[in-house]
1. On full extension of the chain, what length is gained from residue 74 through residue 59, given 0.36 nm per residue of separation minus the C-alpha to C-alpha distance?
2. Assuming 0.36 nm per residue, please report the length gained on full extension of the stretch residue 86 to residue 34 beyond their Cα-Cα distance.
3. If you filter the range 69-110 for GluC sites (Glu not before Pro), then keep DSSP loop positions with at most 16 other Cβ within 10 Å, what is left?
4. Ordered by residue, what ³J(HN,Hα) values in Hz, to whole numbers, does the range 83-89 give under the Karplus form 6.51 cos²θ - 1.76 cosθ + 1.60, where θ = phi - 60° and Gly and Pro are x?
5. The range 151-214 to the range 85-113: how many Å between their Cα centroids?
6. Just give me a number: lysine pairs in the range 37-222, eight or more positions apart or cross-chain, with C-alpha atoms less than 28 Å apart.
Amino acid sequence: MTMLGSGFRVDSILKRGGVLFTAALLSVCALAQQPSAKELAARVDRHYNALTSLKAAFVESYQGMGIKRTESGTLYLAKPGRMRWEYSQPAGKLFVLDGKFAWFYSEGDPQVQRLQAKQLDDLRSPLRFLLGHTQLDKELSGLAASPSPGGGFILTGQPKGQENRVRRIVLNVEADGTITGIEIEEMDGALTRFRLSGQQPNTAIPAGIFHFTPPTGVPVVDAAPPV
């Protein structure tokens, strides 16, 4: 067995060199697989522009102004511009977007809140991402992408034109452009998070699920955009 003057074996040195080379190679491969922020944004756009419908479970959490709450349920989406957030926790809470109006109602409320759909065209809401109506590279400034510790990638940016109220938006994105999480951080420190799971793209959804009829005797009032 060949020895060096210092007592180290040649095969040991070669082995260590191989390990270092392998580690360097893996690092280079990882960098090669990391998409740029622009490419990752384009993957999101392509994924959602190709959808005609989507069904998923969601968990929504909010923390700010001394308030902390977590809600969950099932999301139904169909293009063009229709969406239904059906809450199981709290039970009876409903948000329906029929393409023209958005309807907000919780069982037992004294009134139904109605809002024009165009007023929901706001990057603080996940509606734009899920409906595929945006080009993220043009809508968000300071785009940055990084690997996510849990797998996939993280895409961050600040909505253009909303610099006074939204600090940043964070998207958890899979390699194919699927969004699994959305975090909206506002300037006052409030955080709204959405987590999506069990996504069923292009699944059949009855059209009637996006129609909302106010309960008998419950008045409809025009509401301000939701925060």
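Each reported figure results from applying straightforward, stated rules to the coordinates on display, with no laboratory input. Only a predicted model underlies this, so the values are computations on that prediction, with no experimental measurement involved. Heads up, the Cβs are rebuilt from the backbone with ideal geometry, glycines too, and the neighbour counts pull from every protein chain shown.
1. Details: separation 15, 0.36 × 15 = 5.40 nm, distance 0.88 nm.
That pair, residue 74 and residue 59, stretches by 4.5 nm at full extension.
2. Details: separation 52, 0.36 × 52 = 18.72 nm, distance 3.58 nm.
15.1 nm is the gain from fully extending residue 86 to residue 34.
3. Working: sites: 71, 86, 107; in loops: 107.
Hits after loop and neighbour filter: 107.
4. 7, 9, 9, 9, 8, 9, 9
5. With the range 151-214 and the range 85-113 each reduced to a Cα centre, they are spaced 19 Å.
6. So the count of such lysine pairs works out to 25.
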